[in-house]
Amino acid sequence: MRVEVVLPGVLADLAGGTRHLEVAPGGGALADLLDTLAVVHPRLARRIRDEAGAVRRFVNVYVDGEDVRYAGGLGTPVPDGAVVQVLPSVAGG
């Protein structure tokens with residue numbers, strides 16, 4: 001099983017400078033994918049999830065274009081060939 005993780009430039013630096021990562025998660029849910037990502041890129045993982053393992057409040061994660069907050073959270077299925085986008089929220093005024 002292979003999944004593509006797409007990162008914006010601000011997070012790519014935490015993944016060796018690449019914006020597209022090929023990941024082979026250990027299971028079929030978003031939590032499994034993030035656990036696998038944490039082994040290879042621990043600094044990136046800390047920017048995506050908090051100390052309790054939840055997706056940080058100001059980080060948006062999409063699996064094939066669907067916001068995981070409304071699709072099952074960390075239990076969201078991540079099928080083979082899926083594209084997972086990680087986008088930090090932008091605020092300001």
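The values are calculated or read from the model by the stated rules, or taken from the named source; none is laboratory data. Because the structure is predicted, anything quoted here is derived from the model rather than measured. All Cβ positions, glycine included, derive from the backbone under ideal geometry; neighbour counts span all protein chains shown.
Results, tabulated for the structure shown:
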item: The listed residue being β-branched (V, I, T), modelled with pLDDT under 95 and either touching a His at 6+ places or on another chain (Cβ under 9 Å) or in a loop (DSSP other than H, G, I, E, B) (or both), out of V5, V90, V10; result: V90
item: Filter pass, P25 being surrounded by 12 or more Cβ atoms within 10 Å (Cβ to Cβ), in contact (Cβ under 8 Å) with a residue 40 or more places away in the chain, in a loop (DSSP other than H, G, I, E, B) and at negative phi; result: yes
item: The stretch 43-55 residues that are among the acidic types (D, E), paired with ones that are part of a helix (DSSP H, G or I) and modelled with pLDDT under 95 (beta carbon under 8 Å, 6 or more apart); result: none
item: Residue tally, condition aliphatic (A, V, I, L, M) and in contact with a helix residue (DSSP H, G or I) (Cβ under 6 Å, 6 or more places away or on another chain), over the stretch 41-67; result: 4
item: Any hit, the stretch 46-54, residues being exposed (fewer than 15 other Cβ atoms within 10 Å of the Cβ) and among the aliphatic types (A, V, I, L, M); result: yes
item: Among (1) loosely packed, with under 13 Cβ neighbours inside 10 Å; (2) of a type outside the set (F, W, Y); (3) at negative phi - the single one G16 does not satisfy; result: (3)
item: Verdict on L33 being assigned to a helix (DSSP H, G or I), of a type outside the set (F, W, Y) and either surrounded by 13 or more Cβ atoms within 10 Å (Cβ to Cβ) or within 11 Å of the chain's Cα centre (by Cα) (or both); result: yes
